[in-house]
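The values are calculated or read from the model by the stated rules, or taken from the named source; none is laboratory data. Please read all numbers here as calculations on a predicted model, not as lab measurements. Cβ: placed from backbone, ideal geometry, glycine included. Neighbour counts: every protein chain shown. Side chains are part of the model used for accessible areas, which takes the heavy atoms of the whole protein and leaves out ligands, DNA and RNA. Shrake-Rupley method; radii C 1.70, N 1.55, O 1.52, S 1.80 Å.
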There are 2 protein chains.
Amino acid sequence: MEIKVAIQGIKGSFHHQVAQEYFGEGVEIHPCLSFEELVDSLLSGKTEQAVMAIENSIAGPIIPNYALIDKNNLHIIGEHYLRIHQNLMVLPGQKIEDISEVHSHPMALLQCMDFLKKHPNIKLVEDKDTAETARRIKENSIKGIAAIASKTAAKMYELDIIAPEIQTINDNMTRFVILKKENSFVPQQDINRASLKFELDHKRGSLAAVLNVMSDCKMNLTKIQSLPKIETPWKYSFFVDVTFDNYSDYAKTKSLLEIMAEYFKVLGEYKNTKPLAE
Amino acid sequence: MEIKVAIQGIKGSFHHQVAQEYFGEGVEIHPCLSFEELVDSLLSGKTEQAVMAIENSIAGPIIPNYALIDKNNLHIIGEHYLRIHQNLMVLPGQKIEDISEVHSHPMALLQCMDFLKKHPNIKLVEDKDTAETARRIKENSIKGIAAIASKTAAKMYELDIIAPEIQTINDNMTRFVILKKENSFVPQQDINRASLKFELDHKRGSLAAVLNVMSDCKMNLTKIQSLPKIETPWKYSFFVDVTFDNYSDYAKTKSLLEIMAEYFKVLGEYKNTKPLAE
């Protein structure tokens, strides 16, 4: 039986591509129109796993998704990195001179800003999804509007790519996490990365003290961010990602954080799959 | 002569409200349809100052705006906090049963998610701006679609509020920064807050070492976040905000950061205006 996997967006989206690369071509996809819908699909048991974009090497962390994982006590059981290539696509026969608007996801528009600034006569319109715009252009034979999306989307919705790879930065990667409602057993020897959340009291130096301990325990901090605590404005939680060589070092870090932090929670322990820089 | 101030969004937006509270009712407003346009308006000299939302007490930091300030070397010369009240508004005569879609900015939709989940028959549609949707409903006499926006927008575009204050969390504040192209002279005795950016080498413990120094210098860290370094994926810069009592402590911190960090930059030195919790 195939695993049922929730993705954000429709078929042809980058989430779809990640699901295929991570679970295999035959994976059963459940498209969701928002990240909230994706979380609901996991919580209700409609799907067993979900693919969620969490961080982009240019635009940074996708903050509301951290909050969604935390609030709903989801478990990160894996990660996957995808190099993002964006393409300008139109209904076959249309040329760039015919285009008055380009519709895409705000993040995709942002990623292609240098290209788009060279075409100031083309109006930018934010849309919910990259592939969804491509699908709509095809289905309604819309002229004068271009989509920015993946090659997969162009192929799936039979659009012509009139400007390939228009992303400003070539080395643009997005990190996706694989989520489950219940935690999975991952063998300790396969774990070398963890996502943690903690809250500290407001004494000056409390964050430095925690980071000292983490450094002493040989944790490599790969990301840190303070996020407001819901319901108590301007009090912050800290979200950190660490990588490590020995699980025993990490186990020790957890014990110490339990003692030092006012609140401590593991969002996920999993295998680091970050590709090496080229 | 009135100061020309760029705001994101149109008249009736929260940015408009902040501009009026910060500069006074008579301020000359230049509406911009995107944050990029707002930055361009400052850089080209079309406006002298700009108001930019930077952080929300629920949704967290608005990451791309940090990148815009940094990339364009803008200066933060002040800040302003606004308590956000969201309202559901429609063309006069329309009732909630008549509404099939609600259009608003993604952040506004997110802030009202509990209310919206009680009305699952109303489809959520992301839009560029809260006030802009209100204006469009009025101008085109659109039935069946509601906007989520401020009371100011309802008044300005003559819409009926059918559900007031529908934000999930009542104590929802947004922090705005006041930006200039060139730095302003702010007297040292008025400065008790700074926004800093630094980059560190990848030695384990380097962030802890910097935070120790900041703590020793009596800096209160009010926010920290690692953001990817553009052009070098997965290398991080750190953005921190600090408050302090004595400028001399802060001056010492700056000198030490110049030595310790691979790269160090002040995004702004200004007066902390954060209201006390109620």
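What size of dipole, in debye to the nearest 20, comes out for segment B:188-270 about its Cα centre when the only charges are +1 on Lys and Arg C-beta atoms and -1 on Asp and Glu C-beta atoms?
Values: 11 positive and 11 negative charges, 49 e Å.
The dipole of segment B:188-270 has a size of about 240 debye.
Between A:GLN188 and A:GLU165, what is the spin-label point distance in nm, taking each point 7 Å from the Cα along the Cα→C-beta axis?
Computed distance between label sites A:GLN188 and A:GLU165 equals 4.5 nm.
How many percent of the accessible area of the protein assembly as shown is carbon or sulfur, using a 1.4 Å probe?
Of the solvent-accessible surface of the protein assembly as shown, carbon and sulfur hold 50 percent.
Any idea what the dipole of chain A comes to, in debye rounded to 20, about its Cα centre with Lys/Arg Cβ at +1 and Asp/Glu Cβ at -1? Mind showing how you got there, number by number?
Details: 32 positive and 37 negative charges, 73 e Å.
Roughly 340 debye, rounded to the nearest 20.
Binned at 5 Å from 0, what are the whole-percent values of the Cα-Cα distance distribution for chain A, short to long?
In whole percents, the pair-distance histogram is 1, 5, 12, 15, 15, 15, 12, 10, 7, 4, 2, 1, 0, 0.
For the protein assembly as shown, what does -39500 (n - 2.57) per DSSP helix run (n ≥ 4), summed and divided by total residues, give at 222 nm, in deg cm²/dmol to the nearest 500? Write out the running numbers ahead of the final one.
Values: 18 runs with 160 residues, N = 556.
It lands at -8000 deg cm²/dmol.
Between A:PRO61, A:PRO164, A:PRO228, find the one with the highest GNM mean-square fluctuation for chain A; connect C-alpha pairs within less than 10 Å.
Ranking A:PRO61, A:PRO164, A:PRO228 by mean-square fluctuation puts A:PRO228 first.
As a quick test, which of the pairs A:LYS128/A:LYS155; B:LYS71/B:LYS123; B:LYS151/B:LYS274; B:LYS203/B:LYS223 have an alpha carbon distance above 27 angstrom in this structure?
Details: A:LYS128/A:LYS155 20 Å; B:LYS71/B:LYS123 37 Å; B:LYS151/B:LYS274 23 Å; B:LYS203/B:LYS223 22 Å.
With Cα atoms farther than 27 Å apart: B:LYS71/B:LYS123.
How many nanometers, to one decimal and shortest first, lie between the label point of B:ASN72 and those of its other copies, if labels sit 7 Å from Cα toward Cβ?
For B:ASN72, the other copies' label points sit at 3.5 nm, shortest first.
Please find the FRET efficiency linking A:SER100 to B:THR273, where r is the Cβ-Cβ separation and R0 is fixed at 30 Å, and quote it to the nearest 0.05.
Working: r = 43 Å, r/R0 = 1.43.
With R0 = 30 Å, the Cβ-Cβ based efficiency is 0.10.
Where does helix A:247-260 land angle-wise versus the long Cα axis of chain A, in degrees 0 to 90, nearest 10?
With both axes taken from Cα atoms, the answer is about 70 degrees.
Give me the summed buried accessible area for the A-B pair, 1.4 Å probe, to the nearest 100 Å². Mind showing how you got there, number by number?
Values: alone 14190 and 14190 Å², together 24380 Å².
The summed interface area works out to 4000 Å².
Pop out the ³J(HN,Hα) list for segment B:47-55 in order, Karplus 6.51 cos²θ - 1.76 cosθ + 1.60 with θ = phi - 60°, rounded to Hz; leave Gly and Pro as x.
Each residue's phi maps through the Karplus curve to give 10, 9, 9, 9, 10, 9, 5, 10, 6 Hz.
Give, rounded to the nearest 20 debye, the magnitude of the charge dipole that the protein assembly as shown has about its Cα centre when Lys and Arg contribute +1 at Cβ and Asp and Glu contribute -1 at Cβ. Walk me through the numbers on the way to the answer.
Details: 64 positive and 74 negative charges, 60 e Å.
Rounded to the nearest 20 debye, it is 280 debye.
In the Gaussian network model of chain B, springs joining C-alpha atoms below 10 Å, which of B:GLU79, B:GLU258, B:GLU55 carries the largest mean-square fluctuation?
B:GLU258
Within the P(r) computed for segment A:87-163, what percentage of the Cα pairs occupies the region above 22 Å?
Details: 260 of 2926 pairs.
Tail of the P(r) past 22 Å holds 9 percent of the pairs.
What average number of partner chain Cβ atoms lie no more than 10 Å from the Cβ of the residues making up B:167-177?
Whole-number average of other-chain Cβ neighbours for B:167-177 is 2.
Could you tell me how many degrees, from 0 to 90 and to the nearest 10, lie between the Cα long axis of helix A:14-23 and the main elongation axis, the longest principal axis, of the Cα atoms of chain A?
60
For A:CYS112, list long-range residues whose amide hydrogen, built 1.01 Å from N in the peptide plane, is under 5 Å from its own amide hydrogen.
Excluding prolines and chain starts, which carry no amide H, the hits are A:THR168.
Just for chain A, what percent of DSSP beta bridges are antiparallel, to the closest 5?
Bridges in chain A that DSSP calls antiparallel: roughly 75 percent.
If you average the sequence gap of Cα pairs under 8 Å that are 6 or more apart and divide by the length of segment B:87-163, what percent do you get for the contact order?
Details: 145 pairs, mean separation 39.0, N = 77.
For segment B:87-163, the relative contact order is 51 percent.
What list of ³J(HN,Hα) couplings, whole Hz, do you get for segment A:30-41 from phi and the Karplus terms 6.51, -1.76, 1.60, once you set θ to phi - 60° and write x for glycine and proline?
10, x, 10, 7, 8, 5, 4, 5, 4, 5, 4, 5
Just checking the output field for B:51-57: average partner chain Cβ neighbours within 10 Å of each residue's Cβ?
Values: counts 0, 0, 0, 0, 2, 3, 8.
For this peptide, the per-residue mean of nearby foreign Cβ atoms is 2.
Among A:ALA6, A:VAL213, A:GLY60, which residue has its Cα furthest toward the positive end of the charge dipole of the protein assembly as shown, with +1 on Lys/Arg Cβ and -1 on Asp/Glu Cβ?
A:VAL213
Given a 1.4 angstrom probe, what's the average accessible area per residue across the protein assembly as shown, in square angstrom? Intermediate results must be reported in sequence, preceding the final value.
On the way: 24380 Å² over 556 residues.
Using a 1.4 Å probe on heavy atoms only, each residue of the protein assembly as shown averages 44 Å².
By DSSP, what percent of the beta bridges with both residues in the protein assembly as shown are antiparallel, rounded to the nearest 5? Intermediate results must be reported in sequence, preceding the final value.
Working: 93 of 125 bridges.
Antiparallel: roughly 75 percent of the beta bridges in the protein assembly as shown.
Which distances in nm, rounded to one decimal and ordered from shortest, link the label point of B:LEU43 to the equivalent label points in the other identical copies, with labels set 7 Å from Cα toward Cβ?
Distances between equivalent label points, in nm: 4.2.
Once you have the alpha carbon radius of gyration of segment A:174-242, what is it after dividing by 2.2 N^0.38 Å, with N set to its residue count? Intermediate results must be reported in sequence, preceding the final value.
Numbers: Rg = 14.4 Å, N = 69, 2.2 N^0.38 = 11.0 Å.
That ratio works out to 1.31.
If you plug each phi of segment A:102-117 into the Karplus form 6.51 cos²θ - 1.76 cosθ + 1.60 with θ = phi - 60°, what whole-Hz ³J(HN,Hα) values come out, in order, with x for Gly and Pro?
Whole-Hz 3J(HN,Hα) from phi for segment A:102-117: 10, 10, 6, 5, x, 5, 5, 4, 4, 5, 10, 4, 4, 4, 5, 5.
Mind telling me which of B:LYS254, B:LYS203, B:LYS181 comes out most flexible in a GNM of chain B, alpha-carbon contacts under 10 Å?
Most flexible of the set in this elastic network: B:LYS203.
Work out the P(r) tail for the protein assembly as shown: percent of alpha carbon pairs separated by more than 39 Å, whole number.
Numbers: 41813 of 154290 pairs.
Above the 39 Å cut-off, the protein assembly as shown has 27 percent of its Cα pairs.
For segment B:64-219, treating each Cα as an identical point scatterer without solvent, what Debye log10 I(q)/I(0) comes out at q = 0.16, 0.19, 0.21 1/Å?
-0.92, -1.10, -1.25
Which percent, to the nearest 5, of DSSP beta bridges fully inside segment A:87-163 are antiparallel?
Numbers: 6 of 13 bridges.
The antiparallel proportion sits near 45 percent.
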